[in-house]
Amino acid sequence: MFRLAWFAGQGAAPPAWNKPWSGNIGKDWAKPDHHIDLARALERGCFDYLMIEDGSFITDSYQGKPDYALRNGWAVPKNEPMSLVPLIGQATEHLGIVATITTTFYPPYMAARLGATLDHLTDGRFGFNLVTAHNDRTAQNFGLEKMLDHSLRYQMAGEWVEVVDRLWHSWDEDAIVDDHENGIFIDPSKVRPIEFEGRFFKCRGPLNTAPGPQRRPVLCQAGGSGPGMDFAAKNADTIIAIVTDVADAKRYRQEMDERLISLGRDPKDIKIFYSVSLVFGEIEEEAQEKRRRLDANAQASIEHWLFEMSFSSAIDFSKFDLDQPLPKLTTNASKSLTAKLNLVEGLTLRQIASAPHLSGIRFTGTPATVAAQMGEVMEEIGGDGFLMYESTTRRIVTEITEGLCPELQRRGLIRQTYSYRTLRENLRSF
C-alpha cells in the first residue's frame with residue numbers, strides 16, 4: 001500500500017485562474033469554499049493530508065517588475081493560509097491539514113502557540129510545512145535588505161525547531177487536572193519555563209496554552225538542496241520530494257534513507273511523497289492525445305517558463321539571449337533548481353524553456369491503467385506515497401478522487417478508511 005497527499009501549490013490564491021474548468025475563481029478566490037470542497041473530496045479519497053503553500057511577497061524577479069505575476073494572477077493575491085485550517089478542520093473528520101510557515105520570519109513562540117492552537121481545533125490533524133523563504137523581496141517585507149545566506153537560513157531553522165519543540169514540551173501531558181474538589185485546574189509543578197538561549201533565538205517560556213493532541217504537530221519539509229535534505233532528515237515527519245521521473249525518486253529515497261540512518265532514525269517513520277503529473281481519459285487514446293496537447297501548449301509558453309525559473313532562482317532570465325547556452329548560475333534562492341540548470345550543457349535557453357517541464361512522475365491513461373502504473377512504480381521506488389502536484393480545478397479533483405482513488409482502493413493500493421484519530425498516527429499506520 002502507499003499514501004496520497006495534495007499540494008495546493010498556489011496557497012490561498014486563485015488556483016488555475018483563466019485556465020479551463022477553473023469556474024468563477026476570479027470572483028470567489030477569497031472564499032473558503034474552494035479549499036473546503038477540495039478537502040472534503042480528498043477525505044473521500046482517503047488522502048493523508050492537504051498541504052497549503054505560502055509566500056509573503058509579490059515576485060518581480062522576471063524583467064525586474066511584478067507585471068507578469070499581477071496580470072496572470074500567479075500566486076497573487078494570496079491570503080494567509082493558517083486562517084483556512086480551522087475552517088477545513090470543521091468541515092472534515094480525518095484529513096490532515098498542513099500549512100506553510102517560514103522559520104526565518106515567524107518567531108518561535110508565536111509559531112508554537114499557533115501550532116498548539118490549530119492542533120486543538122483540528123483534533124490532532126494539524127501540521128506545519130517548514131520553509132526558510134528564499135526571496136529578497138520577502139526579506140524586505142520583514143525589515144531586512146537581503147535574504148540571509150541559504151546555509152545560514154537552515155542553521156536558523158534547526159534552532160527554531162528546537163525552540164518550538166521545547167515549548168510544546170513545557171507542559172506535562174497531565175498538567176491539566178481539572179480538579180473541582182480541590183480547586184485546581186492546572187498543576188503548577190507540571191508547567192515550566194524552557195530558558196532557551198541559542199545563537200539565533202532566546203525564549204523563556206513556558207507556552208501559555210497546553211499542547212494539542214499530537215503535542216508536537218506533524219512537521220513537513222520540501223527542501224531539495226543538500227542543507228534542505230539534512231534539515232528534513234533531522235526534523236521532519238513527512239517530506240515532499242519534487243521529482244522528474246522514477247530514477248529521480250529512487251535517488252532521492254536512497255539519499256534520504258542514508259541521512260536518516262546516519263542520524264539514528266528509522267526511515268519507515270518518515271513518509272516521503274513524490275510529485276506526480278496525471279492526465280486521464282475515458283480511453284487510452286484520449287488520454288495520450290490530451291497529454292500531447294498539454295505538452296505542446298507548455299512548450300509554446302516560453303515566457304511563462306522564463307518567469308517561473310526567474311521566480312524560483314531570483315535570477316532574471318529575460319536578460320539572457322534565448323539562443324545562447326546559459327552561463328554558470330549562482331543564487332541565494334532555490335539551490336536545487338539552479339543546480340539542475342547548471343547540469344544542462346550545450347542547450348540554449350530557448351531549448352530549456354521550450355522543453356517539457358517535468359514536475360512529477362508522469363502517469364497517463366484511464367483511471368484503471370493509471371492506478372496499475374502507480375502500483376508498479378511505487379513498488380520500484382520502495383515507498384511511501386504520491387503527491388498530487390496539479391493546478392487545482394474541480395475537474396482534476398473529481399478525476400482523481402472519484403475516478404482514480406476507487407481504482408486504487410479496488411487494487412488494495414491505498415487505504416479504504418482511516419484507522420486513527422491524529423495525522424501522525426495515520427501517517428505511521430503502515
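Numerical summary
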| item | result |
| --- | --- |
| Burial ordering of Asp230, Asp149, Asp178, Asp245, fewest other beta-carbon atoms within 10 Å first | Asp178, Asp149, Asp245, Asp230 |
| Compactness of the stretch 1-158, expressed as Rg and Dmax over alpha-carbon positions, Å | 16.6, 48 |
| Convex hull of Cα atoms in the chain, direction-averaged projection (nm²) | 22.0 nm² |
| Acute angle (nearest 10 degrees) that the helix 284-300 long axis makes with the longest principal axis of the chain, alpha-carbon atoms | 90 degrees |
| Loop-located GluC sites (Glu not before Pro) in the stretch 307-411 whose Cβ has at most 14 other Cβ within 10 Å (DSSP) | Glu345 |
| When the stretch 287-354 is reduced to its Cα atoms, the Kirkwood hydrodynamic radius in Å | 12.7 Å |
| Ranking of Lys19, Lys290 by count of other Cβ atoms within 10 Å, fewest first | Lys19, Lys290 |
| P(r), alpha carbons of the stretch 232-293 - 5 Å bins starting at zero, rounded % | 4, 17, 21, 15, 12, 9, 7, 8, 5, 1 |
| Förster radius 51 Å - calculated FRET efficiency between Glu173 and Val76, Cβ distance, rounded to 0.05 | 0.75 |
| Given charges at Cβ of Lys, Arg, Asp, Glu: the chain dipole, positive-most of Ala75, Tyr274, Ser61 | Ser61 |
| Mean shadow area of the stretch 1-90, taken as a quarter of the surface of its Cα convex hull (nm²) | 7.0 nm² |
| Alpha-carbon Rg with Dmax, taken over the stretch 290-430, Å | 19.3, 56 |
| Label point at Asn342 placed 7 Å out along Cα→Cβ; residues across the stretch 215-240 whose backbone nitrogen lies under 12 Å | 226 |
| Cα-Cα over 20 Å, subset of Lys27/Lys290; Lys65/Lys319; Lys19/Lys78; Lys290/Lys340; Lys202/Lys335 | Lys27/Lys290; Lys290/Lys340; Lys202/Lys335 |
| Size of the stretch 47-134 as Cα extents on the principal axes (Å, biggest first) | 46, 28, 18 |
| The chain: angle of helix 150-168 to the longest principal axis, Cα-based, in degrees nearest 10 | 30 degrees |
| Debye, to nearest 20: dipole size of the stretch 24-146, +1 on Lys, Arg Cβ, -1 on Asp, Glu Cβ | 240 debye |
| The chain: angle of helix 302-313 to the longest principal axis, Cα-based, in degrees nearest 10 | 30 degrees |
| For the chain, built as a Gaussian network whose Cα springs stay under 10 Å, the top-fluctuating residue of Ala41, Ala241, Ala175 | Ala175 |
| Sequence ranges 321-328, 167-174, ranked by mean other-Cβ count within 10 angstrom, highest first | 167-174, 321-328 |
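Where a number appears in this text, it was derived from the coordinates with a stated rule and is not lab data. Everything numeric in this text was worked out from a predicted model, so none of it was measured. Every residue, glycine as well, gets a Cβ built from its backbone with ideal geometry; the counts of neighbours run over all protein chains shown.
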